[in-house]
Amino acid sequence: MKSTDFSANLATGFRPAKHSCLIIWAFQLWNALDLAWHNRLHLDQRDLEILENFPKDSGLILAANHSDEIDPRVCIELSRRSHRRFTYMINVEAFEQWHGLYGWLLQRLGDFSVERSGGDQTARRYAVDVVKEGHDALVMFPEGEISYLNDLVQPFKTGAVHIGLQAITETRETNSSWTAYLLPVAIKYYYRKPIGLILDKKIRAIEKRLFLRANFFTFQEKIIRIMAEILKRQELTGRTQMISEQLTQLKEQIQEAQTAILSRIETKYPQLQIDPKAQFIDRVQKIIFFLRGQFSRKKLFSSETRIQLKNDIKNLKETIQMAGWQPQYIDLTPSEERLAETIMKLEREVFKLKTPRPLGNRDCLLRIGPPLDLSRYVEPYKINPSALTHQIAEELRNTIQSLIEKMPTK
(Lines give C-alpha, C1' and ligand atoms only; values in the text may rest on other atoms or scores of the structure.)
Protein backbone atom coordinates (compact mmCIF):
# COMPACT_ATOMS: atom_id res chain seq x y z
CA MET A 1 0.00 0.00 0.00
CA LYS A 2 1.46 3.29 -1.08
CA SER A 3 -0.22 5.72 1.27
CA THR A 4 -0.43 3.70 4.47
CA ASP A 5 2.09 4.08 7.28
CA PHE A 6 2.51 0.52 8.51
CA SER A 7 4.65 1.48 11.50
CA ALA A 8 1.71 3.49 12.77
CA ASN A 9 -0.64 0.61 11.91
CA LEU A 10 1.30 -1.90 13.94
CA ALA A 11 1.45 0.50 16.87
CA THR A 12 -2.35 0.50 16.97
CA GLY A 13 -2.60 -3.29 16.57
CA PHE A 14 -3.59 -3.14 12.91
CA ARG A 15 -2.72 -6.25 10.86
CA PRO A 16 -2.20 -5.59 7.14
CA ALA A 17 -2.69 -8.26 4.48
CA LYS A 18 0.52 -10.01 3.41
CA HIS A 19 -0.57 -12.20 0.49
CA SER A 20 1.57 -15.31 0.06
CA CYS A 21 1.01 -17.01 -3.29
CA LEU A 22 2.20 -20.38 -2.00
CA ILE A 23 0.09 -20.33 1.16
CA ILE A 24 -2.97 -19.09 -0.76
CA TRP A 25 -2.56 -21.86 -3.35
CA ALA A 26 -2.18 -24.56 -0.69
CA PHE A 27 -5.10 -23.30 1.39
CA GLN A 28 -7.35 -22.93 -1.66
CA LEU A 29 -6.65 -26.55 -2.59
CA TRP A 30 -7.44 -27.84 0.90
CA ASN A 31 -10.45 -25.53 1.18
CA ALA A 32 -11.93 -26.72 -2.13
CA LEU A 33 -11.68 -30.35 -1.04
CA ASP A 34 -13.13 -29.68 2.42
CA LEU A 35 -16.03 -27.62 1.05
CA ALA A 36 -16.83 -30.34 -1.48
CA TRP A 37 -17.23 -32.76 1.43
CA HIS A 38 -18.98 -30.62 4.04
CA ASN A 39 -20.37 -27.48 2.35
CA ARG A 40 -20.57 -28.21 -1.37
CA LEU A 41 -20.63 -24.96 -3.37
CA HIS A 42 -23.07 -24.47 -6.25
CA LEU A 43 -22.16 -21.52 -8.48
CA ASP A 44 -23.76 -20.85 -11.85
CA GLN A 45 -21.31 -20.20 -14.67
CA ARG A 46 -23.15 -16.97 -15.54
CA ASP A 47 -22.55 -15.66 -12.04
CA LEU A 48 -18.90 -16.62 -12.22
CA GLU A 49 -18.50 -14.83 -15.56
CA ILE A 50 -19.66 -11.56 -13.96
CA LEU A 51 -16.57 -11.68 -11.76
CA GLU A 52 -14.23 -13.15 -14.36
CA ASN A 53 -15.04 -10.47 -16.93
CA PHE A 54 -14.91 -7.55 -14.54
CA PRO A 55 -12.65 -4.71 -15.78
CA LYS A 56 -9.28 -5.11 -14.08
CA ASP A 57 -8.59 -1.36 -13.92
CA SER A 58 -11.68 -0.57 -11.80
CA GLY A 59 -12.15 -0.77 -8.05
CA LEU A 60 -14.25 -3.69 -6.86
CA ILE A 61 -15.90 -4.42 -3.49
CA LEU A 62 -17.68 -7.73 -2.95
CA ALA A 63 -20.44 -7.25 -0.36
CA ALA A 64 -21.84 -10.54 0.99
CA ASN A 65 -24.38 -11.52 3.62
CA HIS A 66 -22.86 -13.20 6.68
CA SER A 67 -25.03 -15.95 8.10
CA ASP A 68 -22.38 -18.56 8.81
CA GLU A 69 -18.76 -19.14 9.88
CA ILE A 70 -18.06 -20.74 6.50
CA ASP A 71 -18.85 -17.59 4.46
CA PRO A 72 -15.21 -16.37 4.21
CA ARG A 73 -14.12 -19.80 2.99
CA VAL A 74 -16.87 -19.74 0.37
CA CYS A 75 -15.38 -16.45 -0.83
CA ILE A 76 -11.91 -18.04 -0.92
CA GLU A 77 -13.32 -20.72 -3.24
CA LEU A 78 -14.91 -17.99 -5.35
CA SER A 79 -11.48 -16.38 -5.63
CA ARG A 80 -9.98 -19.67 -6.80
CA ARG A 81 -12.64 -20.28 -9.43
CA SER A 82 -12.60 -16.72 -10.77
CA HIS A 83 -8.78 -16.51 -10.82
CA ARG A 84 -8.95 -13.16 -9.02
CA ARG A 85 -7.04 -12.27 -5.89
CA PHE A 86 -9.19 -11.15 -2.98
CA THR A 87 -8.32 -9.03 0.06
CA TYR A 88 -10.58 -9.58 3.07
CA MET A 89 -11.62 -7.26 5.90
CA ILE A 90 -11.82 -9.42 9.05
CA ASN A 91 -12.52 -8.50 12.67
CA VAL A 92 -9.36 -8.09 14.75
CA GLU A 93 -10.37 -10.68 17.34
CA ALA A 94 -9.92 -13.46 14.77
CA PHE A 95 -6.24 -12.51 14.47
CA GLU A 96 -5.69 -13.17 18.17
CA GLN A 97 -6.73 -16.84 18.09
CA TRP A 98 -4.18 -19.58 18.69
CA HIS A 99 -1.94 -17.01 20.44
CA GLY A 100 -1.61 -15.02 17.22
CA LEU A 101 -0.72 -17.96 14.94
CA TYR A 102 -4.13 -17.81 13.28
CA GLY A 103 -3.57 -14.12 12.62
CA TRP A 104 -0.27 -14.93 10.92
CA LEU A 105 -2.12 -17.32 8.58
CA LEU A 106 -4.95 -14.88 7.92
CA GLN A 107 -2.52 -12.18 6.83
CA ARG A 108 -0.84 -14.55 4.33
CA LEU A 109 -4.27 -15.45 2.94
CA GLY A 110 -4.92 -11.78 2.24
CA ASP A 111 -6.86 -10.70 5.35
CA PHE A 112 -6.44 -7.42 7.22
CA SER A 113 -7.87 -6.54 10.60
CA VAL A 114 -10.60 -4.11 11.56
CA GLU A 115 -12.04 -3.10 14.92
CA ARG A 116 -15.80 -3.44 14.60
CA SER A 117 -16.50 -0.32 16.65
CA GLY A 118 -16.82 1.61 13.40
CA GLY A 119 -14.01 4.01 14.29
CA ASP A 120 -11.03 2.12 12.88
CA GLN A 121 -9.64 4.78 10.56
CA THR A 122 -6.45 2.80 9.88
CA ALA A 123 -8.41 -0.15 8.50
CA ARG A 124 -10.65 2.16 6.50
CA ARG A 125 -7.64 3.94 4.99
CA TYR A 126 -6.13 0.58 4.08
CA ALA A 127 -9.39 -0.59 2.48
CA VAL A 128 -9.67 2.58 0.39
CA ASP A 129 -6.13 2.01 -0.88
CA VAL A 130 -6.96 -1.59 -1.83
CA VAL A 131 -9.91 -0.38 -3.92
CA LYS A 132 -7.92 2.48 -5.49
CA GLU A 133 -5.09 0.24 -6.59
CA GLY A 134 -7.57 -2.04 -8.36
CA HIS A 135 -5.42 -5.18 -8.29
CA ASP A 136 -7.49 -7.03 -5.68
CA ALA A 137 -11.21 -7.33 -5.06
CA LEU A 138 -12.03 -6.17 -1.53
CA VAL A 139 -14.35 -8.56 0.33
CA MET A 140 -16.59 -7.17 3.09
CA PHE A 141 -19.51 -8.48 5.15
CA PRO A 142 -21.63 -5.36 5.81
CA GLU A 143 -23.79 -7.07 8.45
CA GLY A 144 -20.71 -6.90 10.66
CA GLU A 145 -21.58 -9.94 12.77
CA ILE A 146 -22.37 -13.55 11.87
CA SER A 147 -26.15 -13.64 12.10
CA TYR A 148 -26.89 -17.39 11.79
CA LEU A 149 -30.02 -16.27 9.93
CA ASN A 150 -29.83 -18.14 6.65
CA ASP A 151 -32.99 -16.62 5.15
CA LEU A 152 -32.91 -13.11 6.58
CA VAL A 153 -30.26 -10.48 5.76
CA GLN A 154 -29.66 -8.13 8.69
CA PRO A 155 -29.28 -4.32 8.34
CA PHE A 156 -26.07 -3.31 6.57
CA LYS A 157 -23.45 -0.96 7.90
CA THR A 158 -22.38 1.77 5.49
CA GLY A 159 -18.62 1.16 5.54
CA ALA A 160 -18.44 -0.57 2.14
CA VAL A 161 -20.29 2.30 0.47
CA HIS A 162 -18.12 4.95 2.15
CA ILE A 163 -14.95 3.13 1.13
CA GLY A 164 -16.00 2.81 -2.51
CA LEU A 165 -17.08 6.44 -2.84
CA GLN A 166 -13.97 7.74 -1.06
CA ALA A 167 -11.79 5.71 -3.42
CA ILE A 168 -13.54 7.23 -6.45
CA THR A 169 -13.36 10.77 -5.06
CA GLU A 170 -9.61 10.52 -4.42
CA THR A 171 -8.70 8.73 -7.67
CA ARG A 172 -10.66 11.14 -9.86
CA GLU A 173 -8.32 13.94 -8.83
CA THR A 174 -5.89 12.44 -11.37
CA ASN A 175 -8.13 10.10 -13.41
CA SER A 176 -11.55 11.58 -14.14
CA SER A 177 -13.02 8.42 -15.70
CA TRP A 178 -12.04 5.93 -12.99
CA THR A 179 -14.80 4.19 -11.03
CA ALA A 180 -15.48 1.50 -8.43
CA TYR A 181 -18.27 -1.04 -8.14
CA LEU A 182 -20.18 -2.79 -5.38
CA LEU A 183 -20.93 -6.41 -6.24
CA PRO A 184 -23.79 -8.06 -4.26
CA VAL A 185 -23.03 -11.67 -3.23
CA ALA A 186 -25.75 -13.86 -1.73
CA ILE A 187 -24.88 -17.05 0.20
CA LYS A 188 -27.36 -19.62 1.45
CA TYR A 189 -27.02 -23.12 2.94
CA TYR A 190 -29.21 -26.23 2.73
CA TYR A 191 -28.76 -29.51 4.56
CA ARG A 192 -28.28 -32.36 2.11
CA LYS A 193 -30.25 -34.88 4.17
CA PRO A 194 -33.15 -34.57 6.65
CA ILE A 195 -31.83 -33.63 10.10
CA GLY A 196 -34.93 -34.25 12.22
CA LEU A 197 -33.23 -36.92 14.35
CA ILE A 198 -30.19 -34.69 14.90
CA LEU A 199 -32.43 -31.76 15.87
CA ASP A 200 -34.20 -33.95 18.40
CA LYS A 201 -30.87 -35.13 19.85
CA LYS A 202 -29.53 -31.57 20.13
CA ILE A 203 -32.72 -30.27 21.76
CA ARG A 204 -32.74 -33.12 24.28
CA ALA A 205 -29.13 -32.37 25.21
CA ILE A 206 -29.99 -28.71 25.85
CA GLU A 207 -33.08 -29.65 27.86
CA LYS A 208 -30.98 -32.03 29.94
CA ARG A 209 -28.40 -29.32 30.68
CA LEU A 210 -31.20 -26.92 31.71
CA PHE A 211 -33.05 -29.65 33.69
CA LEU A 212 -36.14 -29.24 31.55
CA ARG A 213 -38.56 -32.11 31.21
CA ALA A 214 -38.86 -33.48 27.68
CA ASN A 215 -42.53 -33.03 26.81
CA PHE A 216 -44.43 -33.87 23.64
CA PHE A 217 -43.98 -30.46 22.04
CA THR A 218 -43.01 -29.62 18.49
CA PHE A 219 -39.41 -28.63 17.80
CA GLN A 220 -40.55 -25.02 17.55
CA GLU A 221 -42.34 -25.13 20.94
CA LYS A 222 -39.33 -26.74 22.61
CA ILE A 223 -36.95 -24.11 21.23
CA ILE A 224 -39.17 -21.26 22.40
CA ARG A 225 -39.37 -22.85 25.84
CA ILE A 226 -35.56 -23.11 25.95
CA MET A 227 -35.18 -19.42 25.04
CA ALA A 228 -37.60 -18.43 27.79
CA GLU A 229 -35.80 -20.64 30.32
CA ILE A 230 -32.39 -19.12 29.52
CA LEU A 231 -33.77 -15.61 29.97
CA LYS A 232 -35.43 -16.56 33.24
CA ARG A 233 -32.34 -18.24 34.70
CA GLN A 234 -30.01 -15.41 33.80
CA GLU A 235 -32.53 -12.91 35.21
CA LEU A 236 -31.56 -10.58 32.41
CA THR A 237 -34.79 -8.66 32.21
CA GLY A 238 -35.01 -7.67 35.85
CA ARG A 239 -38.65 -8.76 35.84
CA THR A 240 -40.31 -10.52 38.72
CA GLN A 241 -43.12 -12.02 36.61
CA MET A 242 -42.78 -15.15 34.53
CA ILE A 243 -40.87 -14.91 31.28
CA SER A 244 -43.35 -15.45 28.45
CA GLU A 245 -43.12 -18.32 26.00
CA GLN A 246 -45.29 -16.48 23.47
CA LEU A 247 -43.32 -15.42 20.41
CA THR A 248 -44.22 -11.72 20.38
CA GLN A 249 -43.75 -11.20 24.12
CA LEU A 250 -40.53 -13.24 24.17
CA LYS A 251 -39.05 -11.09 21.40
CA GLU A 252 -39.82 -7.97 23.46
CA GLN A 253 -38.25 -9.48 26.57
CA ILE A 254 -35.06 -10.40 24.69
CA GLN A 255 -34.77 -6.79 23.51
CA GLU A 256 -35.42 -5.59 27.05
CA ALA A 257 -32.65 -7.86 28.35
CA GLN A 258 -30.19 -6.49 25.81
CA THR A 259 -31.05 -2.91 26.71
CA ALA A 260 -30.75 -3.61 30.44
CA ILE A 261 -27.25 -5.08 30.08
CA LEU A 262 -26.07 -2.24 27.86
CA SER A 263 -27.46 0.46 30.16
CA ARG A 264 -25.91 -1.13 33.23
CA ILE A 265 -22.46 -1.25 31.64
CA GLU A 266 -22.71 2.23 30.09
CA THR A 267 -23.25 3.75 33.53
CA LYS A 268 -19.91 2.28 34.70
CA TYR A 269 -17.96 4.25 32.12
CA PRO A 270 -19.34 7.80 32.00
CA GLN A 271 -16.21 9.01 30.17
CA LEU A 272 -17.48 7.27 27.04
CA GLN A 273 -19.45 9.55 24.75
CA ILE A 274 -22.02 7.20 23.22
CA ASP A 275 -24.77 8.48 20.95
CA PRO A 276 -28.01 7.08 22.46
CA LYS A 277 -29.63 7.26 19.00
CA ALA A 278 -26.98 5.01 17.44
CA GLN A 279 -27.88 1.45 16.51
CA PHE A 280 -27.72 -1.01 19.40
CA ILE A 281 -24.90 -3.08 17.87
CA ASP A 282 -22.83 0.04 17.15
CA ARG A 283 -23.15 1.19 20.77
CA VAL A 284 -22.13 -2.25 22.05
CA GLN A 285 -19.13 -2.53 19.74
CA LYS A 286 -17.89 0.94 20.64
CA ILE A 287 -17.88 0.01 24.33
CA ILE A 288 -16.16 -3.32 23.61
CA PHE A 289 -13.48 -1.48 21.64
CA PHE A 290 -12.92 0.89 24.58
CA LEU A 291 -12.82 -1.91 27.16
CA ARG A 292 -10.42 -4.01 25.08
CA GLY A 293 -8.09 -1.01 24.95
CA GLN A 294 -8.27 -0.62 28.72
CA PHE A 295 -7.78 -4.33 29.35
CA SER A 296 -4.55 -4.32 27.31
CA ARG A 297 -3.05 -1.77 29.74
CA LYS A 298 -2.43 -4.44 32.37
CA LYS A 299 0.06 -2.54 34.51
CA LEU A 300 -2.35 0.34 35.13
CA PHE A 301 -5.18 -1.65 36.69
CA SER A 302 -5.66 -3.99 39.61
CA SER A 303 -6.59 -7.63 39.05
CA GLU A 304 -10.14 -6.84 40.26
CA THR A 305 -10.54 -4.10 37.66
CA ARG A 306 -9.26 -6.38 34.93
CA ILE A 307 -11.79 -9.06 35.97
CA GLN A 308 -14.54 -6.43 35.75
CA LEU A 309 -13.40 -5.36 32.29
CA LYS A 310 -13.27 -8.97 31.13
CA ASN A 311 -16.77 -9.71 32.48
CA ASP A 312 -18.22 -6.57 30.93
CA ILE A 313 -16.76 -7.51 27.53
CA LYS A 314 -18.22 -11.01 27.91
CA ASN A 315 -21.67 -9.66 28.82
CA LEU A 316 -21.65 -7.21 25.93
CA LYS A 317 -20.77 -9.98 23.49
CA GLU A 318 -23.69 -11.99 24.85
CA THR A 319 -26.06 -9.12 24.03
CA ILE A 320 -24.84 -9.28 20.42
CA GLN A 321 -25.45 -13.02 20.34
CA MET A 322 -28.94 -12.53 21.74
CA ALA A 323 -29.74 -10.27 18.79
CA GLY A 324 -29.65 -13.38 16.63
CA TRP A 325 -32.19 -15.34 18.68
CA GLN A 326 -35.20 -13.70 16.96
CA PRO A 327 -38.06 -16.04 18.02
CA GLN A 328 -40.20 -14.88 15.07
CA TYR A 329 -37.63 -16.53 12.76
CA ILE A 330 -39.14 -19.93 13.61
CA ASP A 331 -42.79 -18.89 13.56
CA LEU A 332 -45.46 -20.99 11.81
CA THR A 333 -43.80 -23.88 9.90
CA PRO A 334 -40.05 -23.20 9.99
CA SER A 335 -37.63 -25.08 7.73
CA GLU A 336 -35.10 -27.49 9.20
CA GLU A 337 -32.41 -24.94 8.35
CA ARG A 338 -34.11 -22.26 10.46
CA LEU A 339 -34.55 -24.66 13.36
CA ALA A 340 -30.93 -25.79 13.06
CA GLU A 341 -29.59 -22.23 13.06
CA THR A 342 -31.58 -21.40 16.17
CA ILE A 343 -30.35 -24.56 17.90
CA MET A 344 -26.75 -23.65 17.03
CA LYS A 345 -27.17 -20.27 18.72
CA LEU A 346 -28.75 -21.80 21.81
CA GLU A 347 -25.99 -24.43 22.03
CA ARG A 348 -23.46 -21.61 22.01
CA GLU A 349 -25.29 -19.99 24.92
CA VAL A 350 -25.96 -23.11 27.00
CA PHE A 351 -22.68 -24.98 26.44
CA LYS A 352 -20.53 -21.83 26.12
CA LEU A 353 -19.24 -22.82 22.69
CA LYS A 354 -17.07 -20.35 20.83
CA THR A 355 -18.18 -21.55 17.41
CA PRO A 356 -21.34 -23.68 17.00
CA ARG A 357 -21.06 -26.41 14.39
CA PRO A 358 -23.59 -27.17 11.62
CA LEU A 359 -25.80 -30.18 12.20
CA GLY A 360 -24.69 -32.01 9.07
CA ASN A 361 -23.22 -31.72 5.60
CA ARG A 362 -24.72 -28.96 3.49
CA ASP A 363 -25.04 -27.54 0.01
CA CYS A 364 -24.08 -23.89 -0.40
CA LEU A 365 -25.73 -21.76 -3.07
CA LEU A 366 -23.96 -18.60 -4.18
CA ARG A 367 -25.50 -15.96 -6.42
CA ILE A 368 -23.97 -12.73 -7.71
CA GLY A 369 -26.17 -9.73 -8.40
CA PRO A 370 -25.70 -6.91 -10.91
CA PRO A 371 -22.68 -4.65 -10.19
CA LEU A 372 -23.51 -1.23 -8.78
CA ASP A 373 -21.45 1.56 -10.37
CA LEU A 374 -20.78 4.01 -7.53
CA SER A 375 -19.62 6.82 -9.83
CA ARG A 376 -23.18 8.07 -10.34
CA TYR A 377 -23.40 8.81 -6.63
CA VAL A 378 -20.26 10.93 -6.34
CA GLU A 379 -21.95 14.35 -6.50
CA PRO A 380 -24.83 13.47 -4.11
CA TYR A 381 -22.20 11.98 -1.77
CA LYS A 382 -20.50 15.34 -1.48
CA ILE A 383 -23.79 16.99 -0.45
CA ASN A 384 -25.13 14.51 2.12
CA PRO A 385 -22.79 11.52 2.63
CA SER A 386 -24.63 10.05 5.63
CA ALA A 387 -28.09 9.90 4.06
CA LEU A 388 -26.77 8.66 0.73
CA THR A 389 -24.62 5.85 2.14
CA HIS A 390 -27.50 4.59 4.27
CA GLN A 391 -29.74 4.61 1.18
CA ILE A 392 -27.23 2.65 -0.92
CA ALA A 393 -26.51 0.20 1.90
CA GLU A 394 -30.23 -0.53 2.23
CA GLU A 395 -30.56 -1.00 -1.54
CA LEU A 396 -27.62 -3.41 -1.43
CA ARG A 397 -29.18 -5.35 1.43
CA ASN A 398 -32.50 -5.58 -0.41
CA THR A 399 -30.73 -6.86 -3.54
CA ILE A 400 -29.03 -9.65 -1.60
CA GLN A 401 -32.26 -10.49 0.23
CA SER A 402 -34.03 -10.75 -3.14
CA LEU A 403 -31.30 -13.05 -4.49
CA ILE A 404 -31.70 -15.32 -1.46
CA GLU A 405 -35.47 -15.45 -1.80
CA LYS A 406 -35.16 -16.44 -5.47
CA MET A 407 -32.88 -19.36 -4.71
CA PRO A 408 -34.54 -22.75 -5.27
CA THR A 409 -35.87 -24.60 -2.26
CA LYS A 410 -35.04 -28.22 -1.56
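What to note about this one:
- Subset tally (residues that are at pLDDT below 85 and under 16 Å from GLN294 (Cα atoms)) for segment 259-276: 4
- Subset tally (residues that are touching a residue at least 12 places away in the same chain (Cβ under 8 Å), of a type in the set (S, T, N, Q) and within 21 Å of GLY293 (Cβ to Cβ)) for segment 97-132: 3
- Selection from segment 148-187 of residues that are more than 21 Å from THR389 (Cβ to Cβ) and assigned to a loop (DSSP other than H, G, I, E, B): TYR148, LEU149, ASN150, ASP151, LEU152, THR174, ASN175, SER176, SER177
- Those residues of segment 202-220 which are surrounded by 13 or more Cβ atoms within 10 Å (Cβ to Cβ) and in a helix (DSSP H, G or I), in sequence order: LYS202, ILE203, ARG204, ALA205, ILE206, GLU207, PHE219, GLN220
- When ALA63, ALA94, ALA137 are checked against the criterion of being surrounded by fewer than 20 Cβ atoms within 10 Å (Cβ to Cβ), in contact (Cβ under 8 Å) with a residue 12 or more places away in the chain and of a type in the set (Gly, Ala, Ser), ALA94 stands alone in meeting it.
- The condition of being assigned to a helix (DSSP H, G or I), farther than 20 Å from ILE206 by Cβ and without any contact (Cβ under 8 Å) to a residue 60 or more places away in the chain holds for LEU309.
- Residues that are open to solvent by 30 Å² or more (accessible area, probe 1.4 Å) and charged (D, E, K, R) do occur in segment 156-167, at least one of them.
- Among the residues of segment 112-134, those that are within 15 Å of the chain's Cα centre (by Cα) and open to solvent by 10 Å² or more (accessible area, probe 1.4 Å) comprise VAL114, GLU115, ARG116, SER117, GLY118.
- Conditions (1) open to solvent by less than 70 Å² (accessible area, probe 1.4 Å); (2) part of a strand (DSSP E or B); number of the one not met by LEU51: (2)
- Which listed residue is open to solvent by 50 Å² or more (accessible area, probe 1.4 Å) and at pLDDT 80 or above, from GLU318, GLU245, GLU252: GLU252
- Residues located in segment 55-87, provided they are under 25 Å from ALA323 (Cα atoms) and hydroxyl-bearing (Ser, Thr, Tyr): SER67
- GLY324 vs. criteria among the small types (Gly, Ala, Ser) and not in a helix (DSSP H, G or I): yes
Yes/no per residue for (1) touching a Leu at 6+ places or on another chain (Cβ under 8 Å); (2) at pLDDT below 95:
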position	(1), (2)
ASN9	no, yes
ILE24	yes, no
ILE50	yes, yes
GLU77	yes, no
PHE86	yes, no
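- Any chance GLU336 is touching a strand residue (DSSP E or B) at 6+ places or on another chain (Cβ under 7 Å) and open to solvent by 40 Å² or more (accessible area, probe 1.4 Å): yes
- In segment 392-410, the residues that are over 20 Å from LEU41 (Cα atoms) reach residues that are part of a helix (DSSP H, G or I) with C-beta atoms within less than 8 angstrom, at least six apart or across chains, in these pairs: ILE392/VAL161; ILE392/LEU374; ILE392/TYR377; ALA393/ALA160; ALA393/VAL161; LEU396/ALA160; LEU396/VAL161.
- Inclusion of LEU374 among residues that are open to solvent by less than 70 Å² (accessible area, probe 1.4 Å) and closer than 13 Å to VAL161 by Cα is warranted.
- Flag for GLN294 being in contact with a helix residue (DSSP H, G or I) (Cβ under 8 Å, 6 or more places away or on another chain), assigned to a helix (DSSP H, G or I) and of a type outside the set (Phe, Trp, Tyr): yes
- Of all the numbered requirements in (1) open to solvent by less than 20 Å² (accessible area, probe 1.4 Å); (2) of a type outside the set (Lys, Arg); (3) in a helix (DSSP H, G or I), ALA387 misses one, and that requirement is (1).
- Candidate set: segment 343-360, residues that are outside any loop (DSSP other than H, G, I, E, B) and either at pLDDT below 90 or among the basic types (Lys, Arg) (or both); chosen: the one surrounded by the most Cβ atoms within 10 Å (Cβ to Cβ): LYS345
The values are calculated or read from the model by the stated rules, or taken from the named source; none is laboratory data. Computed from a predicted model, the values in this text were never measured in an experiment. Note that each Cβ is placed from the backbone with ideal geometry, even for glycine, and that neighbours are counted across all protein chains shown. Heavy atoms of the whole protein, side chains included, go into the accessibility calculation; ligands, DNA and RNA do not. Shrake-Rupley method; radii C 1.70, N 1.55, O 1.52, S 1.80 Å.
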